[in-house]
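Structure, as structure tokens:
The values are calculated or read from the model by the stated rules, or taken from the named source; none is laboratory data. Since the structure is predicted, the reported quantities are computational estimates derived from the model, not experimental observations. Cβ placement follows ideal geometry from the backbone for every residue including glycine, while neighbour counts extend to all protein chains displayed. Side chains included, ligands, DNA and RNA excluded: accessible areas come from the protein's heavy atoms. Shrake-Rupley method; radii C 1.70, N 1.55, O 1.52, S 1.80 Å.
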Amino acid sequence: MSMSSAVSEVSVFKPTNELSEVFGEPALVGLEKREVYDGFLSLIASAIKPTDPIGWLLTKDVTDLSWDIRRERIIKVEIIKYYQKEVVAELIKSLAPPGQFMTAMYRIFQADDDLTLWETDPEARVKIDEALAAKGHSTSAVLARAYMRGATQIDTIDKRIAVYERRRDTTLSEAGLWNDRLRQQLDQATTAIIEGEFTEAAEGD
Amino acid sequence: MSSDRQIAANRINAKKSTGPRSKAGREVSRRNARRHGLAIDIGNDPVFHDDIEKLARALSGDAHVSEHVRETAEAEIDLLRIRKIRAWLYDTHYFTDAALPNRLTELNESFAKLERYERRAFSRRKRALRAM
């Protein structure tokens, strides 16, 4: 079950108006939607059922950190896709028909179109991937090259994700010190959330 | 745990650390806080005064606001402020027309600078919550 569908199945949990005012607008970027964030917060809150302001503060923190992790994972997928395309753009030239003239014509007039097809048309992508594999460039080899090219950026994102995950764990521990019931509920809620993060990031939102 | 001797040595060394001494050095140091405002103690920033008060009252159940409650509120508002700055950095550096590697380089550099402020605010809130 994706996070979006899970959100629609729970009743809406909101902090008090006073706390909502203090929390202010959520820190969203790009095309992130307010209603999706509110649903995400509501999903976590419905599992935890915070009863006091500290409970809400920690719930909001777990939500924000989970949101940050989800965002970083989506960016990581974008990086891999970017370098995957870059690698394919280079390799696709090897699909030119034989002969000096035909090779030149393919590279000038056809290679870019095929790259666009590879990116936008799933059926054409399968055929191009097969053709590349026949030339010794399997899909996994292309992916490996993409990872190598984006290694520095992927590593930076992985470190950031690790920091956010540690902070989320710390928040869960704080919740445990504050209220044992809250810690157990936060723990159970975040297991579902973490699984949701992977699904959403893989789907590329 | 530090021994008494270590604590005494730390205190002596701390007295030697008076920050920049030259006029130019002090000027640079003074401007650090103005660059993004994060070096300024949020408790002394009038912009956040009302939010800190409101949150501190909510956390203490409208009873007397203790020092630790106020510190929790300050650290929480600081965290929310830092997350908004981070969102602004995404919009400024990542969601642009520049090539992806360039966008990421700028974003990562900005985040590295922001990280120490977030780490500090997070630790501060943790300490204050435990003391509550």
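Annotations
- Unmet criterion (only one of (1) in contact with an Asp or Glu (Cβ under 9 Å, 6 or more places away or on another chain); (2) closer than 30 Å to B:Leu80 by Cα) for A:Val62: (1)
- Filtered residues of region B:88-104 (kept if in a helix (DSSP H, G or I) and either more than 14 Å from A:Gln153 (Cα to Cα) or at the interface with chain A (Cβ under 8 Å from one of its Cβ atoms) (or both)): B:Trp88, B:Leu89, B:Tyr90, B:Asp91, B:Thr92, B:His93, B:Tyr94, B:Leu100, B:Pro101, B:Leu104
- Condition check for A:Asp114 on (1) of a type outside the set (Gly, Ala, Ser); (2) in a helix (DSSP H, G or I); (3) open to solvent by 30 Å² or more (accessible area, probe 1.4 Å); (4) more than 9 Å from chain B (Cβ to nearest Cβ): one failure, at (3).
- Complete set of residues in region B:68-104 that are surrounded by fewer than 15 Cβ atoms within 10 Å (Cβ to Cβ) and more than 24 Å from A:Gly24 (Cα to Cα): B:Thr96, B:Asp97, B:Ala98, B:Ala99, B:Asn102
- Some residue of region A:125-147 being closer than 30 Å to B:Glu118 by Cβ and either in a helix (DSSP H, G or I) or modelled with pLDDT of 90 or more (or both): yes
- A:Leu172 out of contact with any Cys (no Cβ under 8 Å at 6 or more places or on another chain), more than 30 Å from A:Leu57 (Cβ to Cβ), open to solvent by less than 70 Å² (accessible area, probe 1.4 Å) and not charged (D, E, K, R): no
- Matching residues in region A:117-144 - criterion: being surrounded by 14 or more Cβ atoms within 10 Å (Cβ to Cβ) and either touching a residue at least 24 places away in the same chain (Cβ under 8 Å) or in contact with a Phe, Trp or Tyr (Cβ under 6 Å, 6 or more places away or on another chain) (or both): A:Trp118, A:Glu119, A:Arg125, A:Ile128, A:Ala131, A:Leu132, A:His137, A:Val142, A:Leu143
- Close pairs (8 angstrom Cβ cut-off, 6 or more residues apart or separate chains): more than 7 Å from every other protein chain (Cβ to nearest Cβ) and more than 10 Å from A:Leu57 (Cβ to Cβ) in region B:68-87, open to solvent by 20 Å² or more (accessible area, probe 1.4 Å) and small (Gly, Ala, Ser) anywhere: B:His68/B:Ala131; B:Val69/B:Ser60; B:Arg70/B:Gly43; B:Glu71/B:Ala131; B:Glu74/B:Gly43
- Region B:118-131, residues that are crowded, with 19+ Cβ neighbours inside 10 Å and more than 9 Å from chain A (Cβ to nearest Cβ): B:Ala121, B:Ala128
- Residue list for region A:30-66, restricted to those being assigned to a helix (DSSP H, G or I) and among the charged types (D, E, K, R): A:Arg34, A:Glu35, A:Asp38, A:Lys60, A:Asp61, A:Asp64
- Every residue from region B:57-67 that is more than 10 Å from every other protein chain (Cβ to nearest Cβ) and either hydrophobic (A, V, I, L, M, F, W, C) or under 17 Å from the mean Cα position of the chain (by Cα) (or both): B:Ala63, B:Val65
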